[in-house]
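Colleague: Below are the structure tokens for one structure; questions will follow.
The values are calculated or read from the model by the stated rules, or taken from the named source; none is laboratory data. Values in this document were obtained by computation on a predicted structure and should not be read as measured data. Using ideal geometry, Cβ is built from the backbone for each residue, glycine included, and neighbour counts are taken over all protein chains shown. Areas reflect the complete protein model, heavy atoms only, side chains present, ligands, DNA and RNA absent. Shrake-Rupley method; radii C 1.70, N 1.55, O 1.52, S 1.80 Å.
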4 protein chains.
Amino acid sequence: MLQLTTVSLDDAQRLIRLGIAKAEEIGSPSNIAVVDAGGNLVAHVRMDGAQIGSIDHSINKAFTSVACQSSTQALGDDAQPGGQFYGIANSINGRAIIFAGGVPLYHGEHIVGGVGVSGGSGEQDQTVAEAAAAAL
Amino acid sequence: MLQLTTVSLDDAQRLIRLGIAKAEEIGSPSNIAVVDAGGNLVAHVRMDGAQIGSIDHSINKAFTSVACQSSTQALGDDAQPGGQFYGIANSINGRAIIFAGGVPLYHGEHIVGGVGVSGGSGEQDQTVAEAAAAAL
Amino acid sequence: MLQLTTVSLDDAQRLIRLGIAKAEEIGSPSNIAVVDAGGNLVAHVRMDGAQIGSIDHSINKAFTSVACQSSTQALGDDAQPGGQFYGIANSINGRAIIFAGGVPLYHGEHIVGGVGVSGGSGEQDQTVAEAAAAAL
Amino acid sequence: MLQLTTVSLDDAQRLIRLGIAKAEEIGSPSNIAVVDAGGNLVAHVRMDGAQIGSIDHSINKAFTSVACQSSTQALGDDAQPGGQFYGIANSINGRAIIFAGGVPLYHGEHIVGGVGVSGGSGEQDQTVAEAAAAAL
């Protein structure tokens, strides 16, 4: 048997509150999603004015960070032409995202979930995601 | 040009809080999703212990209530064998849901969004959705 | 070699104008779509206030009427439990629609396209579709 | 509650007429699609002789311009290898298009819809889309 530690809804909502605060601070209306250790959605918000294409991006960035045990930004480095994971974009039924904004959540050495942020530039999304992840 | 009124993130989060309170009261861990007037997700939560298949169900119930301008329960009545919409289940790219738990949100005469609840029995989901919708 | 007769954009737009007039007359804001003899979309409109779930329904009803060389209403009769095409709903990559509103367009004995209407009751959709089809 | 301005069917049809005129002028049979502020299709035409693969392209270019709050051409610049959105192509359930021809529609500072054109070269599609968008 395995024991799994994973984020709760309370954890997810605390992360999202921190993410919203950071997104407001840098003026980047965002979608913010949190998934658990199984890659399944725990909570999502779309801030007023945030783009609708980023709904899926935020959820799938969070998913990818757990599914591939990597930030989406780092995965993107390996997914460039010639890279070891070139072609991974949109694999896993279209869900693998390879640009910044998805960050795995660690509890000690273990991944317990992921956060995905989308709506701004890659740099803005990463900033918001890291601010949210710091809540754990 | 058309003028449209639609739920904000604040509205969605207020609905979700009421939905969670009702779900706790009746002991039915739920997924609760809110979409805007365009059918696009505004916010989602999965309460601790709620089933993961219900993530999509809650989002797509909320979507269906806007997309078909009907509660999913009422749509289900018309979708029985011999009914005028028999066969509508899983249409719209697999998103049309025809069992209880999706309720359109009205502002005066206009639909401004939808709420979708999934995780319990049809009756429980409907109870939670109606409690959430009452927040508007 | 085969010679194919198929609706033009002019034909489609004439059908749609007649459909809109009928939809306004009976007070049923509709989506109206026309496909050609290959089942491919020629034109679509969504009248103001018509439900968004009906976008796909209208296009796929038109498609189904050509793809199955049958009105969607007649196909629905065969798709009931026990019928010879029971289970056809949402086949063809989710595109087969089995409720009223899709009508093949004939030129002499040949199907040259299809019209699909969605947004009202099955009876309203069928009425609008037949009014549009009469333009040919 | 949020107040949203979005294109009407009248707006969409005026845009499409202008788009068709430009497409005829430059000899590029096109698919032209208009979506509203929620990314949902309002109207579509396929000019006689325009390629059928472009049906989806036109609809999804219009969708992408709203969903990502950007022209598809500008998005394509960021989606090149090494760019901040490399890998975004075909995300959002396969709907994100990253080549020219999709243009968001502005009313003052707000995006009220999008137009997508497909069927010619990237330059031709962009020319037709911009001519259509000028109708607003």
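Colleague: Got at least one residue in region A:12-28 being modelled with pLDDT of 95 or more, under 14 Å from the mean Cα position of the chain (by Cα) and within 14 Å of chain D (Cβ to nearest Cβ)?
Modeller: no
Colleague: Then there is this: A:Val35 is checked against (1) more than 16 Å from A:Gly102 (Cβ to Cβ); (2) buried (at least 19 other Cβ atoms within 10 Å of the Cβ) and fails just one. What number does that condition carry?
Modeller: Here A:Val35 clears every test but (1).
Colleague: Cβ-Cβ distance below 6 Å, separation of 6 or more or different chains: which pairs start in region D:44-64 with a residue that is at the interface with another protein chain (Cβ under 7 Å from one of its Cβ atoms) and more than 18 Å from D:Ala12 (Cβ to Cβ) and end on one that is part of a helix (DSSP H, G or I) and open to solvent by less than 20 Å² (accessible area, probe 1.4 Å)?
Modeller: Final answer for the pair search is D:Asp48/C:Leu9.
Colleague: So which of C:Gln80, C:Gln3, C:Gln69 is in contact with a Pro (Cβ under 8 Å, 6 or more places away or on another chain) and free of Cβ contacts under 8 Å to residues at least 12 places away in the same chain?
Modeller: C:Gln80
Colleague: Would you please list the contacts, defined by Cβ atoms under 6 Å and residues six or more apart or on different chains, that run from a residue in region B:6-27 that is over 14 Å from A:Val45 (Cα atoms) and open to solvent by less than 60 Å² (accessible area, probe 1.4 Å) to a residue that is among the β-branched types (Val, Ile, Thr) and assigned to a helix (DSSP H, G or I)?
Modeller: B:Gly19/B:Val128; B:Lys22/B:Val128; B:Ala23/B:Val128
Colleague: Given the criteria out of contact with any Leu (no Cβ under 8 Å at 6 or more places or on another chain), closer than 18 Å to C:Gln69 by Cα and either assigned to a helix (DSSP H, G or I) or not polar (S, T, N, Q) (or both), does C:Ile92 qualify?
Modeller: yes
Colleague: Exactly one condition in (1) among the acidic types (Asp, Glu); (2) in contact (Cβ under 8 Å) with a residue 12 or more places away in the chain; (3) more than 27 Å from A:Ile98 (Cβ to Cβ) is false for D:Asp125; which is it?
Modeller: The failed condition is (3).
Colleague: In addition: Give region C:83-94 a look and list any residue that's crowded, with 19+ Cβ neighbours inside 10 Å and more than 10 Å from chain B (Cβ to nearest Cβ), or say none.
Modeller: Matches in region C:83-94: none.
Colleague: Follow-up question, since we're still on this one. Can you tell me which residue within region B:65-82, out of those that are assigned to a helix (DSSP H, G or I) and open to solvent by 50 Å² or more (accessible area, probe 1.4 Å), is nearest to B:Gly39 (Cα to Cα)?
Modeller: Here the residue is B:Gln73.
Colleague: So, in region C:95-128, of the ones that are within 14 Å of chain B (Cβ to nearest Cβ) and assigned to a helix (DSSP H, G or I), which residue ends up surrounded by the most Cβ atoms within 10 Å (Cβ to Cβ)?
Modeller: Looking at residues that are within 14 Å of chain B (Cβ to nearest Cβ) and assigned to a helix (DSSP H, G or I), I get C:Asp125.
Colleague: Something else now. Do you know which residues across region C:112-136 are modelled with pLDDT of 95 or more, in contact with a helix residue (DSSP H, G or I) (Cβ under 6 Å, 6 or more places away or on another chain) and aliphatic (A, V, I, L, M)?
Modeller: Those that are modelled with pLDDT of 95 or more, in contact with a helix residue (DSSP H, G or I) (Cβ under 6 Å, 6 or more places away or on another chain) and aliphatic (A, V, I, L, M): C:Val115, C:Val117, C:Val128, C:Ala131, C:Ala132.
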